[in-house]
Structure formats: structure tokens, C-alpha cells
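The values are calculated or read from the model by the stated rules, or taken from the named source; none is laboratory data. A quick note: this is a predicted structure, and the numbers were derived from the prediction, not measured. Positions of Cβ are backbone-derived with ideal geometry, glycine not excepted, and every protein chain shown enters the neighbour counts.
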Amino acid sequence: MKRILAISALSLTTAGALHAQPSTGGSRPAIRPLGAVASTSAEPLGVVNNIRALPGGKLLVNDMTGRRVLLMDSTFTVIKVVADTTPGNPNAYGGGVASLIAFRGDSTLFVDAQSLSMLVIDSNGEVARVMSVPRAQDAMMLAAGGIGAGAFYSNGHLVYRGMPNIRMTVVNGVPQMGAMPDTMPITRVNLQTRVVDTVGYVKIPTSLPNISRSDDGKMSVTIEVNPLPVVDEWAVTPNGDVAFVRGRDYHVDWVEANGAKRSGPKIAFDWKRLTDDDKVRLADSVKALLDKQAAANPGQGAAMATAFGNMMGGGAAAGAPRMQVMIRAEGGPPGAGGPTRAPQVSAPKINVVSPSQLPDYQPPFFATSTRADADGNLWVLTIPTKPQPAGSVYDVINGKGDVTERVLIPEGRTVLGFGPGGIVYLAKRTTEGSTTTTTIERARAK
């Protein structure tokens, strides 16, 4: 989806003159290329959710679709299969989402949302112990690294984005979902005391499913999306600061480990104003791309329908965490009249919001576009506002909130993670039909 929206946003930069937002002051650094790629993985990998860089160039790799965690050496040779789905393996990779979180020293947490557990993995790929997740209702967000928000370990706490609590009402047998909140808390939980507090809030993209039911009882779902949502980003730096990157005016707010707060200046950006014609053109182009993608991948719609039906009730694996949905029958107590089994749901139809709901200025980034490197810099994948070299451009923001560099990542790659000494790990993903494979590349930042 992000790739579709980026293509559509880029098309606006070449379609006609746009009016610039008043300057925020300062100039943008020139774009420079990333350093040369030093090595490339050969092991067949599926969708790599996230990685954990270890001393000596070793790497823990979370192969989400392959349902396994691998320990690789500096040449990307597999040293050990830490967790997988092999029968009898004590370190099982569950059937739900799972993620790696850098833990104390060189150890790593492997969070499995389905089993509500966290494996503590040492630097040699050995499981030292098993911990339970602090709160069962947060397991999904703790394990969502690389998918939605992800989680971080900092000074005895796990820091992660909260889970939306969506209220659903059943009217005449048809579930109707309430509005999804457009802001979510960044939550911090103390692993010793289990005390939970809120670090701050971020603005998130929202979509509202509209559910209808035909005479034969089959449900249809229409999902309306905004191709250019104005959102906030967040990350935790190695010193424990939580950084909030604000999308409306592009600046960084920090909450330090001791609770102190500071804000950086507005970041100079090539703001582009969207005219009414631009908004219509963008909405039409995104809808056309979505329709083309749906036609090319009919199985994807069926999978979405199954997932939605499972969320509605009964079809998910026993014990698996789900989005928190409160179902209330019209005029009755919670749960009354709610479905007791997964209903039959047709493939969801995805529409684009009306052009009038698009922002007046193209935002600087999409959701899940920010990562912190080993030196405490933020790397923000920006949305192009004018023609640029082939590839993706990341703003590198220092601890003062200033963009020190703009780095061009080769075409078809995204930043997967960082290692010490200026190491950048890239993901090169290839999709054929419904199958995605990933190649990992190690490069130098300069």
C-alpha cells in the first residue's frame, strides 16, 4: 500500500506547478548516495519483519512468512535456527505475528503474540529463559515490529504503541464499527513492577470499514482509505529518548528517559500545495492502482475477508490475541446478539476518500517510515515532492532536530535496520503473485 501511495504522490510532482508552503527557514542538504553494499544474503527468506544486529557482524533475522528466527554470521551464513515450526523444537515460532526487540546488553527478546511469551536470546542464539508478556492485551502491539508500530526496550521498560479499542454495535444483525481514534498513546511498561504509563501521543492513519448484509446473510465490507494521511512517527534512540516526529509541521519532540521534554526546530522541507485538481488526480490514480492490484492478486481479497470474519468472531485460533473489539447489540448488554462464529464475508472493497478530505499540503512522510540508528540519529523516509534520483531518500535527523544529511537508498530497497560503526542493513523485496522474498544487504552509511 505504501508503495502505491508513494508512486501516486510522485506523479503529482511532475504533473504541474504547485504552490510552495511558506518556508520554515534554512536549506535542505544535498542528496548523497548510501555507501557501497559490502555483502548480500543468499539464504532464501520470506518477508523479513525485523533484524537485530549483534557484535562481530552477526545478525538475528525474523523471517515472518518462513516462521523462523535465524542467527547469521557476518557473511550471512546461517549459524543457527533459533526458532521455527519444526515439531518438537522447544523454541516454537507461533502462528501469529512475532518480533525481535533489542534487550539488555547483547540479548534479544523474541515476542510471540500467539503464545503471549517472550524468549530471551543471547548473542550466540541460545534461549536463556522465557518471560510472559507484561499484559496480554498488548501482545499484538509488542510483536508488531515492522508491521505497524513495533516495540523497544529502554531502561527497564518496554515502549510500544497502544492498541486501538474499537467499539462495535450490532444493528439488525449487522455489525457497525465506531470511529477509529486518530491518535494513539505511546505506552511504557516497567518489566519489574508492571506499572504502565503514557509517554506521549502520535497521530495515526485511520480507515473506517462500512459493513452491510445481503438477504442471504453474506456480509460485504467497504474500507475507505486516505492516500495522504498527515501522521506522526516515533522511535526510541539508544540513549533511551523517545522521539516523536510530527507530520503537520515536521519537527521532533523528545521525551528523555528521566521524563524531561524538549523540542527541535521546524525542519526545512520542500512543501507542496495540493490544488483541487491535484487532489482529484491523486484520488483517481490511487483508486486505479488499487483496482489493478486487486485484479492481479484475487487471493489477497479472500485472505482479507477471512481475517475480517475471524475478527468478527469464532474463526481465529484459540487463545490468539485479536484487535480489541467490543460488540454490543442495539439496546442490549455487551455481547448480546453478537456473532458466535465467523460470518461469511465477501472480499473487502477498498475505496479512496473524497478529494476534499485530502490535505492541502503533501505530508513529509507516511506511517512506519522512521528508524533510529546506532548513533542516535533518526532516519525518516520522505515522500518526494519534486523529481529526484531513482530510489528512496531518507532525512537523517540528529539529536538537536536538524537534518544533517539526505541519503539516497538504491531503488527497490528500504532500510531494515542498523549496526554499530555506521552499518546499514537494507531489505530488497521481490513479489511474484502472492509470494514475497527478501534479500538482505549490508552497506556502509558513507
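So which of 243, 294 is hydrophobic (A, V, I, L, M, F, W, C), surrounded by 13 or more Cβ atoms within 10 Å (Cβ to Cβ) and in contact (Cβ under 8 Å) with a residue 60 or more places away in the chain? Please lay out each step first, then the result.
Numbers: 294 fails: in contact (Cβ under 8 Å) with a residue 60 or more places away in the chain.
One residue alone meets the criteria, 243.
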Problem set entry | Positions within the stretch 385-421 being touching an Asp or Glu at 6+ places or on another chain (Cβ under 8 Å), crowded, with 17+ Cβ neighbours inside 10 Å and hydrophobic (A, V, I, L, M, F, W, C), in sequence order | 396, 403, 418
For this session: Kindly indicate which of 252, 245 is of a type outside the set (Ser, Thr, Tyr), under 30 Å from residue 274 (Cβ atoms), in contact with a His (Cβ under 9 Å, 6 or more places away or on another chain) and at pLDDT 75 or above.
Result: 245
Exercise. Just checking, how many residues over the stretch 368-384 are assigned to a loop (DSSP other than H, G, I, E, B), modelled with pLDDT of 95 or more and closer than 19 Å to residue 249 by Cβ?
Worked result: 2
Seminar exercise, completed: Within the stretch 65-117, residues being farther than 20 Å from residue 151 by Cα, of a type outside the set (Gly, Ala, Ser) and surrounded by fewer than 18 Cβ atoms within 10 Å (Cβ to Cβ) number 13
For this session: Those residues that are closer than 17 Å to residue 106 by Cβ, assigned to a loop (DSSP other than H, G, I, E, B) and without any contact (Cβ under 8 Å) to a residue 24 or more places away in the chain, I need them from the stretch 54-87; list them, please.
Result: 73
For this session: Check residue 365 against each of (1) surrounded by fewer than 17 Cβ atoms within 10 Å (Cβ to Cβ); (2) at pLDDT 95 or above; (3) part of a loop (DSSP other than H, G, I, E, B) and name the one condition it does not meet.
Result: (1)
Exercise. What is the one condition in (1) within 23 Å of the chain's Cα centre (by Cα); (2) in a loop (DSSP other than H, G, I, E, B) that residue 100 does not satisfy?
Worked result: (2)
For this session: Among the numbered conditions (1) closer than 26 Å to residue 418 by Cβ; (2) aliphatic (A, V, I, L, M); (3) within 21 Å of the chain's Cα centre (by Cα), tell me where residue 136 comes up short.
Result: (1)
Exercise. Mind checking which residues of the stretch 93-122 are over 25 Å from residue 55 (Cα atoms) and not hydroxyl-bearing (Ser, Thr, Tyr)?
Worked result: 94, 95, 96, 97, 113, 114, 116
For this session: Can you work out which of the residues in the stretch 422-438 that are farther than 26 Å from residue 405 by Cα and in contact with a Leu (Cβ under 8 Å, 6 or more places away or on another chain) is surrounded by the fewest Cβ atoms within 10 Å (Cβ to Cβ)?
Result: 437
Exercise. Looking at residue 270, is it surrounded by fewer than 18 Cβ atoms within 10 Å (Cβ to Cβ), among the acidic types (Asp, Glu), closer than 28 Å to residue 382 by Cα and modelled with pLDDT of 95 or more?
Worked result: no
For this session: Look at the stretch 118-154 and say how many of its residues are surrounded by fewer than 18 Cβ atoms within 10 Å (Cβ to Cβ) and either outside any loop (DSSP other than H, G, I, E, B) or of a type in the set (Lys, Arg) (or both).
Result: 10
Exercise. Checking residue 310 against (1) assigned to a strand (DSSP E or B); (2) modelled with pLDDT under 90; (3) among the polar types (S, T, N, Q), which test does it fail?
Worked result: (1)
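Criterion first (assigned to a helix (DSSP H, G or I), at pLDDT 50 or above and exposed (fewer than 15 other Cβ atoms within 10 Å of the Cβ)) does residue 284 satisfy it? If you could, list the steps in order and put the result at the bottom.
On the way: assigned to a helix (DSSP H, G or I): yes; at pLDDT 50 or above: yes; exposed (fewer than 15 other Cβ atoms within 10 Å of the Cβ): yes.
When the stated conditions are applied, residue 284 passes them.
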Exercise. In the stretch 221-240, how many residues are surrounded by 16 or more Cβ atoms within 10 Å (Cβ to Cβ) and over 20 Å from the mean Cα position of the chain (by Cα)?
Worked result: 2
Exercise. Which of (1) farther than 19 Å from residue 415 by Cβ; (2) outside any loop (DSSP other than H, G, I, E, B); (3) under 25 Å from the mean Cα position of the chain (by Cα) is the odd one out, the single condition residue 50 does not satisfy?
Worked result: (1)
Exercise. Based on what the data block shows, is residue 117 at pLDDT below 95, over 16 Å from residue 187 (Cβ atoms) and of a type in the set (S, T, N, Q)?
Worked result: yes
Exercise. When you look at residue 356, is it small (Gly, Ala, Ser) and crowded, with 20+ Cβ neighbours inside 10 Å, yes or no?
Worked result: no
For this session: Could you please find all residues in the stretch 385-437 being at pLDDT below 95, of a type in the set (Ser, Thr, Tyr) and either over 25 Å from residue 65 (Cα atoms) or not in a strand (DSSP E or B) (or both)?
Result: 385, 434
